[in-house]
Structures are given as structure tokens and as C-alpha cells.
1. Top mean-square fluctuation among A:Ala246, A:Ala20, A:Ala65, Gaussian network model of chain A, C-alpha springs under 10 Å?
2. Please order B:Phe180, B:Phe217 by the number of other Cβ within 10 Å, starting at the fewest.
3. Taking springs between alpha-carbon atoms closer than 10 angstrom, which of B:Gly251, B:Gly128, B:Gly209 fluctuates most in the Gaussian network model of chain B?
4. For the pair A:Phe139 and B:Glu56, what calculated FRET efficiency results from E = 1/(1 + (r/R0)^6), where r is the Cβ-Cβ distance and R0 = 60 Å, to the nearest 0.05?
5. List the residues, sorted by chain then number, that are 5 or more residues from A:Thr78 or on another chain and whose placed amide H is less than 5 Å from its amide H.
6. Once Rh for chain B is found with the Kirkwood sum over Cα pairs, what is the Stokes-Einstein diffusion coefficient at 4 °C and 1.567 mPa s, in µm²/s?
7. Taking each label point as 7 Å beyond Cα in the direction of the beta carbon, state the distances from B:Asp189 to the same residue in the other copies, shortest first, in nm.
8. Enumerate the residues in the stretch A:178-217 having an amide nitrogen under 15 Å from the point lying 7 Å beyond the Cα of A:His117 toward its Cβ.
2 protein chains.
Amino acid sequence: MMENVDIAIIGCGPAGLSAAINVKARNRSLLLIGPQLCSSSLHKAHRINNYLGIPEMPGEDLRKAFLNHAKDMGVEVTQLSVAGIYPVGDVFQLQIQDDFIEAKAVVLTTGVVSTHHLPGEEAFTGKGVSYCATCDALFYRGKTIAVIAEAEEHEDEAIFLAEVVEKMFFLPKYEVSRKFPDNVEVISDRVKGFRGGERLETISLAERGELPVDGVFILKAQMPMSQLVPGLELENKHVRVNLEMATNVTGVYAAGDVAGRPYQVAKAVGQGQQAALSAVTYIDKV
Amino acid sequence: MMENVDIAIIGCGPAGLSAAINVKARNRSLLLIGPQLCSSSLHKAHRINNYLGIPEMPGEDLRKAFLNHAKDMGVEVTQLSVAGIYPVGDVFQLQIQDDFIEAKAVVLTTGVVSTHHLPGEEAFTGKGVSYCATCDALFYRGKTIAVIAEAEEHEDEAIFLAEVVEKMFFLPKYEVSRKFPDNVEVISDRVKGFRGGERLETISLAERGELPVDGVFILKAQMPMSQLVPGLELENKHVRVNLEMATNVTGVYAAGDVAGRPYQVAKAVGQGQQAALSAVTYIDKV
């Protein structure tokens, strides 16, 4: 059982790190969850010149400066896959693998990812296409599934699924090094889409063609926000927030790119601070 | 006649400087107007630790780092007193002494000042109490007035008034070094308030007592925002803005402390960037 916290921050780019140092500065406990690089867009940015006080800095150096500042203040980034965030009474339960972490408030700073969907993906969501191994594994006991994994961090979820199902086709979008159980067939092929009638029936691969499956799990670096937090309102594909960075779900805040354009560092850092301070004010009242 | 600009920024604290470097980064012309220190609250701050990327820095060092960044990008701070901002067609006229500067959009980043009023001040505003020498001087031709000046930068306005009126009591809140015309009496006394009937009749001084005057000019470091921009909507004493930092007056944006709490550096810098980018988008459309 993991420790419960005051504030859970999902995402460790500029908005998430800014939120984290402000929660620390206010002496509240926090869990900062994010991927290894924290901000791949900052990592790739040639040079940032419009973040006041730090002129002409390569994106990668700025990324490191941000992480170092957080580290100096005792903030650690935890690499976990959050499957869902559910309000239970006055708190939130974050589903992490087969465990839960409780937080009094949540700050979403996951950034934006391309929202590219494969043909058939949206049509069969909930009808054979799932994004959450922990949530839906038991529906596929003794059946045949495919798992599309974006990164190595999803392998634990895949192995958990393999223990439940009869047969798994594992389709990684990266180079696999690990050995999988015997009922897992690792396939290097390009997924073209999904087909079926009322429910999903086959997954279409570029070389191998149609593969009959009972279900497909798509394990993305980032889930669609509205699936991560049930009932969360979006506006033009971004999480809808007000000036306090509050979303429509009481106790849930959002900041940075996930909360809207422009996708800029200073705006993300400012909103991260605002979201953190709003969350602190909120938990003091509950 | 001063040069016209794309965007006028009023105030050169963190929000104003952030707005300025972002306007520069977008290659638009700008005028940045502000007082000498730019941010007296940053100047006085012991240590700032929650501005991401710059850990544990004394406020004064951060103030200098911000100014240097702006200077490196070719941003200059102009010390001018803006008496009013008026929309004229698609542009704004900024009244500066007896001159005008034209801007296509305006960003307000003036921060907050104590809104302490003297007894009677609000009651007699427009009935003998004025904040704008340029606007109201001619009403007092040949009459007796008092001028309360907060800082040396107001002396030019006072001398302009002295040329119009018969007699002036000059009440500085600072040490005066300059010589004034013969019809000006400089008084070192504490102003207790204002008295009168329908209109202002006397100014009450702590030592000298009641002094009969026709009018009083209160020259503050910062005018009330709603007087600076006619029709500007406030909310809890702050300028009302939306997520794009737009005010209710089309083409006028606000950012930082003037746009609401929390009074924090990161939030101000982020909002300054947002306001600048919104203003650039706006002028591209007009």
C-alpha cells in the first residue's frame, strides 16, 4: 500500500514541476507522477528565449534546470502508470496497477500528445478496445487479446494481462528486450486498424493481415483525459479550466498545455503555480 | 510627437517585462512604460524560491535578472506618466502630459498599490478632488488648489498646474529638492482629509488645520485602473480578465497582480506572456 498524500500531480513538465515546488513551499505532501524525461518537447526544443530571467537557453538545459530546482526542494518524480482517478467522498483514489493511492486534490499537467486514432479505434472503444489493463483484464479471462504498447513502462501491465488471458499478441512500438511468458507472441508489425460488427472481431496488421481477437488493449503514454478522470469536461480537446485553474470536477485542477494554448513554458509555469495554490486553498477548506 | 507602437505595456514588473519580451519575440513594436524600480515589491522581497528554474534567489537579484533579460532583447523601460487610455476607432490613444501616443493594443501590468483613501477623498472625487492634472487643470484657472504628490516624478505636472492657477499649496510625500514658482507654497504637513458641502471647500492638515482650496490634485504613483481606462470592469478591486487575459475592453489586456491574486512571480510572468500573445493575435486580426 502506497502512502496517501495531500496533492497528486500527474505530469512533470514545466507546469507539473512548478506545481510541485509550490506545494512544497506551502508544506503540503505531494506525489509527482511522470515519465522519465518529464518534458520531451522541452528536451527537443532548440532554444527558449521567452522565459523571463533565463535568456537564450537550450531547451534541454532548461529542462534540467527545472528538474534540479525541484530536486533541490525535495521533489521526486515517481514513474507510475495511472489508470484512473476517482472521487470517493472528499478524496480521490488514483488507480495504479492493482493498488490505490489517495489524494485530497489532483493537479493534471500531462501536456498534450497527438490524439491520432487508428481506424476503428473510437468505434470499438468499450466494445473490445480498452486503455486500462487493470480495469478490464477480467473480461478477457481465457480469451485471446492483442496489446499495443507505446513504451517499455507498459510491460508490467502486459504481463499482468498475460496471467489472465489464454493468448496474447504483443505489438510493441519500441524495441523489446525482456522475455515474455509462453502464451505471449511478440509481433513486429504495423497496426492498420480494427474491424468487427457489434464488437471488435479482428485487428488489422500491415503484413500479417487480419488477426482474430476478443479484445485489444492500447497502452498509451497518456490516456485520454476524459477517460482518466470520469466526467471531466473538455473544450477544444483541452481540459476546461477557469482563472484559478479549477476544472469542472471539484478538487481537480489542470495547468499547462493540457489546459489550452499557447503551448509555452512561462504560461505553463505560471498556471502550475496557480493550480497548486488553488489546490492548497481547496484542501484547507475540505 | 512620440512614435506610435503596436503594443503599449503599462507597468514593468514581472508581468510587464514578460509581456515585453514576448512581444519582442513576435517582432512587434512596443512601448514599455514603468517607474524606475519596475517592481518595488520584488526589490524588497527577501528571497524567492518558487519561480521554477531559479532557486533561492534574493528578490533584488531576480528583479535585475528580469530587467537584464529584457534589456538583452532590446526592451527599454520608458518613465512616463500615463493620464488616460482612450479607444479611438481601432487604436488607443495614451495621454502623456500634453502629448498622445497611439497603440493598437494595450497590456496593463501595473501591479497593485494600497488603495488607502483619505477621509473625504472618495466623496469629493470629481467635486474638487482630481487625479489628473492634464485633464482638469483648466477648471482651476486663477483659483487656489492643493497638490498632494507621492513622488518626484509628479513635479512636472505640479509645475504645469502652477502656470494655470493663482495659488498652489504643494504637499509632497517625499523630500523636495527643486525650486518651485513663486505662487507655489511647499508645505511639510500631514494631510488628514477633505471637507466641504456640495463641493470640496477645505483640505485638513495635521498642524496647520483647515486650508481653504477650490480643488485638490492627488498625484499618485498609480491611478485607479477604472479611471485610467474608462469603462474597464473590475472584480474585487482587480481588473476582470478571462483565460486569454482579455479585459472587457476589446484590445486591452491585463496580467499579474492587477488581474488578481495570488500575488506571485510565476503567475505574473505566465500571465504576461499570455497577455502579450493574445494582444499580438488581436492586432493581427484588426
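1. Looking only at A:Ala246, A:Ala20, A:Ala65, the largest GNM fluctuation is found for A:Ala65.
2. B:Phe180, B:Phe217
3. B:Gly209
4. Calculated transfer efficiency: 0.70.
5. Placed amide hydrogens put A:Leu32, A:Ile33, A:Gly34 under 5 Å from A:Thr78.
6. 65
7. 9.6
8. The answer is A:193-196, A:200.
Throughout, read-outs are computed from the coordinates displayed, never taken from laboratory work. Keep in mind the model is a prediction, meaning the values are calculated, not measured. In this analysis, Cβ positions are derived from the backbone assuming ideal geometry, glycine residues included, and neighbour counts consider all displayed protein chains.
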